[in-house]
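The values are calculated or read from the model by the stated rules, or taken from the named source; none is laboratory data. It should be emphasised that the depicted structure is a prediction, and the values quoted were computed from it without experimental measurement. Reconstructed Cβ throughout: ideal geometry from the backbone, glycine too, with neighbour counts over all protein chains shown.
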Amino acid sequence: MSALTRTWASWVAALGRREAGTSLACFRMGVGVAALYSLLSVGLAGLLDVVWVDCSEGGYACLQPGSGLVAWLGGPTRSVMHGLYGLALASTLAVALGLGGRVSTFVALQTYLAVAYANPHVVGGYDLLITNALWLLVLGNGNATLSLDAKLRTGRFVSAAQVAAWPRYLAVFQLLVVYTTTGLHKLSADWLPAGDFAALYHVFQDPTWRRFDMRWTASVYPLTQLGTAVTWLFEVGAPVLLLWFYARATAERGGRLRRAFAARDLRVGFTALGVCLHVGILLTLDVGPFSLVALSYYFCLWGPHELSRPPGLGVVSGTSGSGIRAPAAERG
Amino acid sequence: MLARRMQALGPHLRVLFVLFHVCGVVAMSLPAPALFTHGMGWDTPNIQAELRRWSETLTRAGVTTTPADIEARVRREAARYASAHAAFTAPFAGYTHWSGARQGWIMFAVPQKHPGELHVDVYEAGAWRPVYRPHSAEHDFWGRQLRNHRLRKQQGSFGRNFDRGTYDGLVRLIARDAARAFPDATVVRVQLYRYATLAPAAVRAGETPEGHYLYSRGFVAAELREEPAP
């Protein structure tokens, strides 16, 4: 068997794995809540017409009809956008509750795309994270458990039904791409020693995103410098976790790096840092549901069996719920 | 027979699809050349200051250059990179657009050190009265709306890539509501106040940033009140 054939066969096997749906269900609930927040926060602030309706009918921006659902329905008029907004709210609520399977998820995806992208001036990174997640939930089955669908199907909210694991792998990949590329896009010297690691300090002085007066951060400037360095290193270092997943998945091949990776679960430190980073953002800056949706992806770092264990974590032995095999030595 | 063959092909098609998706995500998340050719707001004080700093850093490291050199070089390389970028993103553009797997992760890449904030004033009884200032509980007209994350994004872009159309559209809506909310006002004024943020030592010393007004728009309140409600 050639190396290429062996590699292909291992890909076929890895992407054919099935597992309980807990991780994907937690991901689905988090994403549903984040999408609901994204939509509701605009409506509750009285901005639906201001932001997402064309200037000819009360909006502040003259919007192009684009090429999607909005154009097909006749452009971003008030009646079209109100209808799409209502449908987006209902379908994202269904996603959060796990009702309607992939159909409601697909409707949520398409209506969210239509509404949130109607005004390109106010599209945020969280919109991208939400639509990526909804697409992965259309491809996967996030409603297998912890959902109204499970309740209707089996009489219980919790189900042991198996789902494909590969959409969860893609969610992990997406999360790592987000961190890596946002780190690489940070071109300002402020993120580096040349700029005195002053990036976070300056973000806190800019009135655009901060929740409240942050002048006090001048008194803890060294802490903001530390936060800047840690944030940048966390982002550009994210591919190491991808390498860790690969090393764990191919543990039987041996080697020093695989043994080193097997000795510790990098997800623990990654998750701890990521949670601190996003909670910090949530407390100090108003960047919409960015932290909420980003943290939803973290559920996918863990296999369904791991999510039900307390996070003492350590090394996962055998073929874990994460679909990652431990080294042969550990499997005994 | 056909069904059995399709069933056997399924796992292989799945691998092909996942590889396509992964390649699409990577390709679309790479920096877009438009960002460097015209999307950065080269003329803004923030980017000009950034160029000066990189120029100083590189010169200190022995690479003699100027801010203008760096800008020209980045623009030139971006223009050359554009055709390659177009070629490797083309196979995935349709898929990522329609599926929602869109990419583009530029977050706080260049922190804003010359922010702009909207200020709203009304002219009443022969004097100007502030009715909106960011983070002011006292002057908070339209504060709930302007603090919304969507409009924060829009206001932030006024300081980066100023777009006259969206600015005029937004300030007119605010002014119209202000004219109705303050019946004694004869004029409503909305402006962008821009300033350089201060270094930590200056903030600790109790200094306040001094800025200047840009894009001042004045409206006759009576005319705004006569406009039909949307």
Exercise for review: Residue by residue through the range A:143-168, note down the ones that are surrounded by 20 or more Cβ atoms within 10 Å (Cβ to Cβ) and either at the interface with chain B (Cβ under 8 Å from one of its Cβ atoms) or of a type in the set (Val, Ile, Thr) (or both).
Suggested key: A:Thr145, A:Val163, A:Trp166
Check your understanding: Considering the range A:190-207 alone, what residues qualify as being in contact with a helix residue (DSSP H, G or I) (Cβ under 6 Å, 6 or more places away or on another chain) and surrounded by fewer than 20 Cβ atoms within 10 Å (Cβ to Cβ)?
Key -> A:Ala194, A:Gly195
Check your understanding: Can you pull out the residues in the range A:32-61 that are small (Gly, Ala, Ser) and crowded, with 18+ Cβ neighbours inside 10 Å?
Key -> A:Gly32, A:Ala34, A:Ala35, A:Ser38, A:Ala45, A:Gly59, A:Ala61
Check your understanding: Which condition number in (1) more than 19 Å from A:Gly274 (Cα to Cα); (2) without any contact (Cβ under 8 Å) to a residue 12 or more places away in the chain is the one that A:Gly142 fails?
Key -> (2)
**Study point:** Some residue of the range A:119-142 being hydroxyl-bearing (Ser, Thr, Tyr) and more than 30 Å from B:Leu151 (Cβ to Cβ)
**Key:** no
Study note, to complete from the structure: Only one of A:Gly125, A:Gly140 is within 10 Å of chain B (Cβ to nearest Cβ) and at pLDDT 95 or above, namely A:Gly125
Review point. What number goes with the only condition from (1) loosely packed, with under 13 Cβ neighbours inside 10 Å; (2) modelled with pLDDT under 95 that B:Ala90 does not pass?
Key: (2)
Check your understanding: Could you list, in sequence order, the residues of the range A:180-209 that are more than 19 Å from A:Leu285 (Cα to Cα), of a type in the set (A, V, I, L, M) and at the interface with chain B (Cβ under 7 Å from one of its Cβ atoms)?
Key -> A:Leu187, A:Ala189, A:Ala194
Practice item. Can you give me the number of residues within the range A:238-291 that are surrounded by 13 or more Cβ atoms within 10 Å (Cβ to Cβ), at pLDDT 95 or above and of a type in the set (Gly, Ala, Ser)? Key: 5
Review point. How about the range A:29-134: which helices (runs of 4 or more DSSP H) wholly inside it have at least 1 residues that are closer than 20 Å to B:Gly156 by Cβ and touching a residue at least 12 places away in the same chain (Cβ under 8 Å)?
Key: A:48-52, A:101-116
Point to revise | Selection from the range B:144-161 of residues that are more than 9 Å from chain A (Cβ to nearest Cβ) and crowded, with 17+ Cβ neighbours inside 10 Å | key: B:Leu146, B:Phe158, B:Arg160
Study note, to complete from the structure: In the set A:Phe197, A:Phe261, the lone residue that is in the same structural domain as A:Ala171 (by TED's automatic domain parsing) and more than 30 Å from B:Leu51 (Cα to Cα) is A:Phe261
Exercise for review: Taking the residues in the range B:195-230 that are farther than 25 Å from A:Glu57 by Cα, touching a residue at least 40 places away in the same chain (Cβ under 8 Å) and touching a helix residue (DSSP H, G or I) at 6+ places or on another chain (Cβ under 8 Å) as candidates, determine which candidate is surrounded by the fewest Cβ atoms within 10 Å (Cβ to Cβ).
Suggested key: B:Ala196
Practice item. Identify, from the list A:Leu152, A:Leu187, A:Leu170, A:Leu176, the residue that is modelled with pLDDT of 95 or more, over 19 Å from the mean Cα position of the chain (by Cα) and hydrophobic (A, V, I, L, M, F, W, C). Key: A:Leu152
Exercise for review: Evaluate the following for B:His38: is it assigned to a helix (DSSP H, G or I), without any contact (Cβ under 8 Å) to a residue 12 or more places away in the chain and under 30 Å from B:Val171 (Cα atoms)?
Suggested key: yes
**Study point:** Looking only at the range B:162-194, and only at residues there that are among the polar types (S, T, N, Q) and more than 10 Å from chain A (Cβ to nearest Cβ), the one that is surrounded by the fewest Cβ atoms within 10 Å (Cβ to Cβ)
**Key:** B:Thr186
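Rundown of residues vs (1) in the same structural domain as B:Val26 (by TED's automatic domain parsing); (2) in contact with a Ser or Thr (Cβ under 9 Å, 6 or more places away or on another chain), yes/no style:
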position: B:Ile70; (1), (2): yes, yes
position: B:Ala79; (1), (2): yes, yes
position: B:Ala86; (1), (2): yes, no
position: B:Pro91; (1), (2): yes, no
position: B:Trp105; (1), (2): no, yes
position: B:Ala109; (1), (2): no, yes
position: B:Arg144; (1), (2): no, no
position: B:Arg150; (1), (2): no, yes
Check your understanding: Does the range B:202-230 hold any residues that are under 29 Å from A:Asp213 (Cα atoms), outside any loop (DSSP other than H, G, I, E, B) and of a type in the set (A, V, I, L, M, F, W, C), and which are they?
Key -> B:Ala202, B:Val203, B:Leu214
